[in-house]
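Notes to accompany the following structure.
Rule-based calculations on the coordinates, nothing more; no lab input. Fair warning: this is a prediction, and the values are worked out from it, not measured in the lab. Because the Cβ atoms are built from the backbone with ideal geometry, glycine has one as well, and the counts that use them run over all protein chains shown.
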Amino acid sequence: MTKRKTAVPFQGTAEQEKQLRELIASYKEVPGSLMPVLQQAQDIYGYLPMEVQEIIAEGLGVPLAEVYGIVTFYAQFSLNPKGKYAISVCLGTACYVKGSGNLLARLEQELGISDGGVTPDGKFSLDATRCLGACGLAPAMVINGEVYGNLKPEQIPDILAKYE
Ligand code: FES
């Protein structure tokens with residue numbers, strides 16, 4: 001899964017930055033504090049844009065490349081905000097063998113974004129995920145907690161239209 005930079009401009013608030021700086025200050029002298037700081041920073045912002053990574057790198061005295069490397073390595077971290085409607089397409093084995101790769105490709109085509117991206121209006125985000133625990137419905141995807149199963153790519157436009 002490739003993570004890409006978002007097209008959505010960063011819109012962090014002064015209050016969020018204050019929380020972040022307090023968080024960094026509370027961890028500054030603690031060894032191995034990068035992971036917990038990143039986790040809690042993601043709780044503050046909902047994701048970890050470069051602007052936030054830069055503040056963390058500077059605040060903890062860690063190279064930005066190291067921060068970026070961790071954020072892009074671990075699936076729990078996201079460089080992108082979630083859309084109003086967060087779409088997760090299962091690429092687990094059961095779904096994949098039933099063609100979920102084609103579902104993902106159709107979603108990318110319809111939304112004009114790639115896996116890990118968010119539409120410029122912030123409406124839809126798209127992520128490929130591991131098994132959703134709904135293998136009996138393979139291939140499956142979830143939109144804001146609603147499961148869609150036994151999907152064919154040609155059903156995608158009608159499903160997206162429900163959210164327009
Ligand atoms: S592999 Fe897709 S839900 Fe399990």
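Under a point spin-label approximation (7 Å from Cα along Cα-to-Cβ), what is the Lys18-Ala161 distance to one decimal in nm?
My value for the distance between the label points is 4.8 nm.
So if R0 is 35 Å, what FRET efficiency would Ala65 and Ala105 give, r being the distance between their Cβ atoms, rounded to the nearest 0.05?
Details: r = 32 Å, r/R0 = 0.91.
The pair Ala65/Ala105 has a calculated efficiency of 0.65.
Apply the Kirkwood formula to the stretch 14-73: the hydrodynamic radius equals the inverse of the mean of 1/r over all pairs of different alpha-carbon atoms; give it in Å with one decimal.
On the way: mean 1/r = 0.0893 Å⁻¹.
Result for the stretch 14-73 stands at 11.2 Å.
When the helix-only estimate is applied to the chain (DSSP H runs of n ≥ 4, each -39,500 (n - 2.57), divided by the residue count), what is the mean residue ellipticity at 222 nm, nearest 500 deg cm²/dmol?
-12500 deg cm²/dmol
Determine, for Val30, Val67, Val62, the number of other Cβ atoms within 10 Å of each Cβ, and report the residues in order from fewest to most.
Ordered by Cβ neighbours within 10 Å, fewest first: Val30, Val62, Val67.
To make sure I understand, if each residue's beta carbon is the centre and we count other beta carbons within 10 Å, what order do Ser88, Ser125 fall in, fewest to most?
Fewest-to-most Cβ neighbours within 10 Å comes out as Ser88, Ser125.
Using the Cα atoms of the chain, I'd like the radius of gyration and the largest Cα-Cα distance, Dmax, both in angstrom.
Radius of gyration, then largest Cα-Cα span, for the chain: 17.6, 54 Å.
Throw me the Rg/Rh for the stretch 85-161, computed over C-alpha atoms with Kirkwood Rh, two decimals.
Details: Rg = 11.1 Å, Rh = 12.0 Å.
Reported Rg/Rh (Cα atoms, Kirkwood Rh): 0.93.
So how tilted is helix 100-111 from the main axis of the chain? Cα-based, degrees 0 to 90, rounded to 10.
70
Using a Gaussian network for the chain with springs between C-alpha atoms less than 10 Å apart, which of these wobbles most: Gln42, Gln53, Gln109?
Residue with maximal mean-square fluctuation among Gln42, Gln53, Gln109: Gln109.
Using Cα pairs closer than 8 Å and at least 6 residues apart in sequence, work out the relative contact order for the stretch 14-73, in percent.
Relative contact order here is 32 percent.
Could you state the angle between the C-alpha long axis of helix 50-60 and the longest principal axis of the C-alpha atoms of the chain, as a value from 0 to 90 degrees rounded to the nearest 10?
Taking the Cα atoms of the chain, the angle to 50-60 is about 30 degrees.
Along the Cα→Cβ direction, 7 angstrom out, place labels at Gln11 and Gln39. What is the inter-label distance in nm?
2.9
Choose one of Tyr74, Thr119, Cys95: the residue whose Cα lies farthest towards the positive end of the charge dipole of the chain (beta-carbon charges +1 Lys, Arg; -1 Asp, Glu; about the Cα centre).
Cys95
Relative contact order of the chain: what whole-number percent is it, with Cα pairs under 8 angstrom and at least 6 residues apart?
Worked out over the chain, it gives 23 percent.
Working out 0.36 nm times the residue gap between Tyr74 and Cys135, then minus their Cα-Cα distance, what length gain in nm do you get to one decimal? Spell out each step's value before the answer.
Working: separation 61, 0.36 × 61 = 21.96 nm, distance 2.42 nm.
Extending this stretch completely gives an extra 19.5 nm.
Under 4.7 Å Cβ to Cβ, no partner at all: give me those cysteines from the chain, in residue order.
Cys131, Cys135
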